[in-house]
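Student: Dropping a structure here in C-alpha cells format, bear with me for questions.
The numbers here are math on the coordinates, done by the rules we state, and not lab data. Keep in mind it's a predicted model, so treat the numbers as computed, not measured. Glycine gets a Cβ as well: all are built from the backbone with ideal geometry, and neighbour counts include every protein chain shown.
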C-alpha cells in the first residue's frame, strides 16, 4: 500500500507532475504489447517518471524501505508481459531518460540512457558512419533499456548477433537504491564476474538499467534486398540451410509461410506468386555494388537448386523498404485476424529448423488451429503465431495443448523457449522444464542475493 506520505516522498524526488495516479493514467500503464487480457488487478498504484539515474536510485531506496513492488517500463513493446505490474506498486517509466550521452567515434562506442528509442540511436550513429546492428521489429518505438533488459534480437542477428553482443557497460540501480556501474570501454575485461551480462536479459528482475555503453561497427557501404518465392515451406527452409553451409551469410534472412503472405497482401503492396507457399526476404550488404551482385548471384543459384519459383532483387532503397515493411508489420497484421493471438518465440539449432517447422505444421493440423509460421530463418528463431478465440473454453484447451507441444518440439532438438522476447509472464510456467532443477536453483539464488525483498518486477520469469 502506497500511502500519501510515501507519495509525498516520491513527488519530492521527481516533481509532482511526474507522479501519476489517476485511474486512467494507471490503466494506461497496466498493459504492454503481449496481448494479455486487460485486468484491473494489474494497474499500478502510481506511475513514476524519473529523469536521471540519481532519481531512480532515490525512488528505489524508498521502495526498498517500504517493500513496494517496482515494475520498470520502457516503451511497453515487449511480447511477454514484462512491464505489466502484477502486484500493483510503482510502474517506473523510463521514457523521460532519452539522452544520447556520448558518441565516442575513436573507440566506436555510444552511451545512451534507457529511454532512447532504438531507431534514434541507430540514426544518430549512422550520421557518423557507425552502425548499431540490433534491429527488433519494434525498433521504431522500442527503447535501449528494454532491448538490454530483454536481450532483444532482430532480423540482422544471423550476421551481426543480438543486443548482448554490443553491450560493453551498464549503469544499474539495485533494489536498495545502490548504483552499480559495470563494464567499460576496454575491449578485454575478465575482472571478476561478467556483471553486465548478468543484467542483460534479466527482464528488470535484478536491477533497473538506466544507461548503456554500446559497441558500434563501421556502417556497411551498400545494402540490397532479395525476395525469393518457393512452392513449399520446406524448400524455403532448405535454402537457408544450404546457403549458410556454402559460406553465404546474409545480413538478414526472414521466412514467411503462405498464410503470412496472404495476410501481408491484404495490408501491403506485394508481388505474390499464386504458386508460392513460402517466401524468403533476404538482406545483403557489402563494400560495393559488385559485392552485392556476387552475393545475389550466389543466393539465386542456391535457391534454384532448392526449388525456388521466383527471384527478385529490389531495384531501389524505396523498394527495399517496402519489402521490409511487409515483414516488420506482419505481427500486427496477423494479430488482427482473430480475437486472440499467442505469438511464440522459440529458437532452435539451425540444422533443426526445417524439422521444427514441419512439426509445427503437424501440430496445427492435429488441433485444428491456424498457426502462422514466420521468423528469423537465418538464426533458427521462429515466431509461430496461434490465432484463436480464448473465450471459447474448448478452443482455449486445444490452444494450450498446441503451445505445450510447440515448446516440447523446440526443447527436443536442443532449442529454447525464447530467442529474444524473454520469459516474462507468458512463459514462466515452462521455464523449469527448460532449465531443470539445478538451473532454477541457481537463478533463484542470484535473485535472492540481488533482490532479497522481492520487489523488482515480481511475477516475472517464475
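Student: With just the Cα atoms defining each centre, how far is segment 240-307 from segment 174-238? Give it in Å.
Tutor: Their Cα centres are 25 Å away from one another.
Student: Also: Compute the whole-percent fraction of alpha carbon pairs in segment 132-175 spaced more than 13 Å apart. Provide the component values of the computation, followed by the final result.
Tutor: Values: 497 of 946 pairs.
Here the long-distance tail beyond 13 Å is 53 percent of all Cα pairs in segment 132-175.
Student: For a quick size check, give me the Cα extents of segment 36-79 along its three principal axes, largest first, whole Å.
Tutor: So the extents along the principal axes, rounded to whole Å, are 34, 22, 14.
Student: Could you list log10 I(q)/I(0) for segment 150-236 at q = 0.12, 0.26 Å⁻¹, which the Debye formula gives when each Cα is one point scatterer?
Tutor: Values returned for q = 0.12, 0.26 Å⁻¹ are -0.52, -1.39.
Student: Defining a contact as two alpha carbons under 8 Å apart and six or more residues distant in sequence, what relative contact order in percent does segment 86-141 show?
Tutor: Details: 60 pairs, mean separation 15.2, N = 56.
Rounded, it is 27 percent for segment 86-141.
Student: Right, another one. Over the alpha carbons of segment 208-255, what is the largest minus smallest coordinate on each principal axis, giving the biggest first in Å?
Tutor: 47, 31, 20
Student: Sticking with this structure for a sec: Label segment 389-461 by shape, choosing from rounded, prolate and oblate, from the square roots a ≥ b ≥ c of the eigenvalues of the Cα gyration tensor; if a/c is under 1.5 it is rounded, and otherwise prolate applies when a/b is larger than b/c, oblate when it is not.
Tutor: Taking the square roots of the gyration eigenvalues as a ≥ b ≥ c, segment 389-461 is oblate.
Student: If you don't mind, there's one more thing I want to ask. Calculate I(q)/I(0) for segment 69-136 by the Debye formula, one identical point scatterer on each C-alpha and no solvent, and give its log10 at q = 0.12, 0.13, 0.19, 0.27 Å⁻¹ to two decimals.
Tutor: Debye output, listed in q order: -0.41, -0.46, -0.79, -1.17.
Student: What translational D, rounded to a whole number of µm²/s, comes out for segment 338-427 from Stokes-Einstein when the hydrodynamic radius is the Kirkwood one over Cα pairs, at 10 °C and 1.306 mPa s?
Tutor: Values: Rh = 13.0 Å.
After rounding, the answer is 122 µm²/s.
Student: Quick one: compute the contact order of segment 74-221, relative version, from alpha carbon pairs under 8 angstrom and 6+ residues apart, as a percent. List each step's numbers first, then the result.
Tutor: Numbers: 283 pairs, mean separation 39.2, N = 148.
The value is 26 percent.
Student: Compute the relative contact order of the chain as a whole-number percentage, counting only Cα pairs closer than 8 Å that sit 6 or more residues apart in sequence.
Tutor: After rounding, I find 16 percent.
Student: Just subtract the alpha-carbon distance of residue 265 and residue 462 from 0.36 nm times their residue separation and send over the number in nm, one decimal.
Tutor: Between residue 265 and residue 462, full extension yields an extra 67.0 nm.
Student: Also, I was wondering about something else. Angle, helix 53-66 long axis vs. longest principal axis of the chain, Cα atoms, 0 to 90°, nearest 10?
Tutor: With both axes taken from Cα atoms, the answer is about 60 degrees.
Student: Here is a further query. At a 10 angstrom cut-off on C-beta neighbours, averaged per residue, how do the peptides 355-366, 139-150, 386-397, 339-350 rank from highest to lowest?
Tutor: On the way: 355-366: 17.7, 139-150: 26.2, 386-397: 14.7, 339-350: 20.2.
The most tightly packed comes first, giving 139-150, 339-350, 355-366, 386-397.
Student: Given the rule -39500 (n - 2.57) for each run of at least 4 DSSP H residues, summed and divided by the residues of the chain, what is its mean residue ellipticity at 222 nm, to the nearest 500 deg cm²/dmol? Mind dumping the intermediate values first?
Tutor: Numbers: 15 runs with 169 residues, N = 462.
Dividing the helical sum by the residues of the chain leaves -11000 deg cm²/dmol.
Student: In Å, what Rg and Dmax follow from the Cα atoms of segment 69-213?
Tutor: 14.5, 45
Student: Sticking with this structure for a sec: Once label points are set 7 Å from the Cα along Cα→Cβ at both residue 297 and residue 351, what is their separation, rounded to one decimal in nm?
Tutor: Using points 7 Å along Cα→Cβ, the separation is 3.1 nm.
Student: Using packing as a proxy for protection, rank 310-319, 222-231 so that the peptide with the highest average count of other Cβ atoms within 10 Å comes first.
Tutor: On the way: 310-319: 13.6, 222-231: 21.0.
Going from most to least packed, we get 222-231, 310-319.
Student: For segment 10-136, with equal point scatterers placed on the C-alpha atoms only and solvent neglected, what are the log10 I(q)/I(0) values from the Debye formula at q = 0.20, 0.22 1/Å, to two decimals?
Tutor: So the normalised log intensities are -1.09, -1.21.
Student: Where both partners of a DSSP beta bridge lie in the chain, what percent of those bridges are antiparallel, to the nearest 5? Please report the intermediate quantities before stating the final value.
Tutor: Numbers: 59 of 68 bridges.
Taking every DSSP beta bridge with both residues in the chain, the antiparallel ones total about 85 percent.
Student: Place the peptides 288-298, 113-123 in order of packing, highest mean first, counting for every residue the other Cβ atoms within 10 Å and averaging per peptide. It would help to have the intermediate numbers written out before the result.
Tutor: On the way: 288-298: 14.6, 113-123: 21.3.
Averaged packing, sorted descending, gives the order 113-123, 288-298.
Student: Then there is this: Above 35 Å lies some portion of the pair distances; for the chain, what is it as a whole percent of all C-alpha pairs? Write out the running numbers ahead of the final one.
Tutor: Numbers: 34592 of 106491 pairs.
In whole percent, the long-distance tail amounts to 32.
Student: Obtain the nm distance between the two label points defined at residue 96 and residue 413 by a simple spin-label model: each point lies 7 Å from its Cα along the Cα-to-C-beta direction.
Tutor: Result for the modelled spin labels: 4.8 nm.
Student: Next up: Could you state the principal axis extents of the C-alpha atoms in segment 222-331, from the largest down, to the nearest angstrom?
Tutor: That gives 36, 29, 20 Å along the principal axes, largest extent first.
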